[in-house]
Amino acid sequence: MKLTINQIKGAEPQVSVTYDEMTPEVERVIDLLKGNHLRLTGKSGDETVVISAATILYIESVDDKTFAYTSDKVVQLKYSLAALTEMLNDIRFFRCSKSMILNIDKIERLKSLPSNRIDATMKGGEHILITRTYATELRRRLQGGRGHE
Amino acid sequence: MNKKVSLWERYLTREIGIEFKSCLYFFAILFYYCMYRLVNHTYTADILHMTEMILLCYVIGYAQVYLFHNFDEAWRFGTAEILGFIVCTAVYTVASYLFGWLDHSIGWTIGLLVYIVLLYICVIFIYDTKRKIDDKELNKNLELFQARREADEDEI
């Protein structure tokens, strides 16, 4: 892959990817630029799998084990929830309770509940309850501006 | 990311909710009481009755929140919520008769029972409407958030 870097005074920074065929290498470069580059390793059944952070619906910690849920599999990750919170330091990943992180991009709809709680329906159909304290943070993040906070 | 809410703050939040509820129901019952007095050409309110009303509203407020799942704010009605609705209505009605707020008038006491049922239904409806409005706002913000993210990715 040829890499060309040009400095032009006063120009807006931009990246353009030119390709003949979408190869894994090209895909990796595009994912990196889009911020979808983070890959997590874990176990699904007996199989070791690698999943892209972008495909995760939510992550849950149960009995000191951490599980990532995608649309078609459940992967036990080797990282703690605290470590994942650091790694997934991205506006779309939101700590919604003591034991859960959810991907805002994968929320289908939100429903307001009594006592300022929120029910999040994920794209896989799961319902995640967001308690009052975390609900306030979610509202703030949804109302917030572009980019990282 | 989130400031830990202390036990005290959590208790205070609930307590404020109970105070608000107590005042709401107190003024509603006081209104009915005043209408009864006016209809009977009495232009003063008994301060003992008002004291009984506010204390009762306060106690029932606690029961609503801690025993009956805050049924007037509920979005789903299970056993506890329905029981709460019935019990609280009954307690207000019986207390009004026993304390003589309505001069032990059966007719006006039944009227109070109906009034309280309607009052609870109104409060339930108001909270439900508030949540529906909040739902719209939340989902609008969610759409905008997800659209902004897609636009950012397309720019990238």
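Coordinate-derived values only; no laboratory data. These numbers come from a predicted model, not from an experiment. Don't worry about glycine lacking a Cβ; one is built from the backbone with ideal geometry, like all the others, and counts go over all protein chains shown.
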- Message: Show log10 I(q)/I(0) for chain A at q = 0.14, 0.15, 0.20 Å⁻¹, two decimals, from a solvent-free Debye sum over equal Cα scatterers.
- Response: -0.79, -0.87, -1.26
- Message: With the crude spin-label approximation of a point 7 Å out along Cα→Cβ, what separation in nm comes out for B:TYR127 versus B:HIS41?
- Response: 4.3 nm
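Suppose only helical runs count, i.e. DSSP H with n ≥ 4. What mean residue ellipticity at 222 nm does that imply for chain A under -39500 (n - 2.57) per run, divided by all residues and rounded to the nearest 500 deg cm²/dmol?
On the way: 3 runs with 30 residues, N = 149.
Helices in chain A give a 222 nm mean residue ellipticity of -6000 deg cm²/dmol.
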- Task: Provide the per-residue ³J(HN,Hα) series for the range B:44-59, in order, calculated from phi with Karplus coefficients 6.51, -1.76, 1.60 and θ = phi - 60°, each as a whole number of Hz, with x at glycine and proline positions.
- Result: 10, 10, 6, 5, 5, 4, 5, 5, 4, 4, 5, 5, 5, 4, 5, 5
- Given pairs A:LYS2/A:LYS123; A:LYS73/B:LYS140; A:LYS43/A:LYS123; A:LYS78/B:LYS132 and cut-off 32 Å on Cα-Cα distance, the over-length ones are A:LYS2/A:LYS123; A:LYS78/B:LYS132
- So what is the relative contact order for chain B, in percent, with contacts set as C-alpha pairs under 8 Å and at least six apart? 19 percent
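Given a Förster distance of 25 angstrom, what is the FRET efficiency for B:PHE27 paired with B:ILE106, based on the Cβ-Cβ distance and rounded to 0.05? Each step should come with its number before you reach the end.
Values: r = 25 Å, r/R0 = 0.99.
For B:PHE27 and B:ILE106, the calculated efficiency is 0.50.
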- Note on the structure: Within 10 Å of the Cβ of an average residue in B:136-144, the count of other chain Cβ atoms is 5
- Task: Obtain the nm distance between the two label points defined at B:VAL117 and A:ASP119 by a simple spin-label model: each point lies 7 Å from its Cα along the Cα-to-C-beta direction.
- Result: 2.8 nm
- Could you tell me, in Å, what Rg and Dmax come out for the Cα atoms of the protein assembly as shown? 28.0, 96
- Euclidean distance of C-alpha centroids, the range A:114-131 and the range B:78-156, integer Å: 20 Å
- Note on the structure: Once amide hydrogens are built 1.01 Å from N within the peptide plane, the residues lying 5 or more places from A:THR70 or on another chain with amide H under 5 Å from its amide H are A:LEU57, A:VAL75
- Amide hydrogen neighbours beyond the local backbone of A:LEU38, cut-off 5 Å, H modeled: A:ALA53
- Note on the structure: Counting only residues 5 or more apart in sequence or on a different chain, those whose built amide H sits under 5 Å from that of A:GLU108 are A:THR121, A:MET122, A:LYS123
- Task: Would you kindly compute the Cα radius of gyration of the range B:78-137 and its largest Cα-Cα separation (Dmax), both in Å?
- Result: 14.9, 48
- So the FRET efficiency between B:LYS136 and A:SER97, C-beta based with R0 = 25 Å and rounded to 0.05, is 0.55
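Find the all-direction average of the projected area of the Cα convex hull for chain B, expressing the result in square nanometres with one decimal place.
Mean projected area for chain B: 13.2 nm², to one decimal.
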- Message: Could you work out the relative contact order of chain A? I mean the mean sequence separation of Cα pairs under 8 Å and 6+ apart, divided by the number of residues, in percent.
- Response: 14 percent
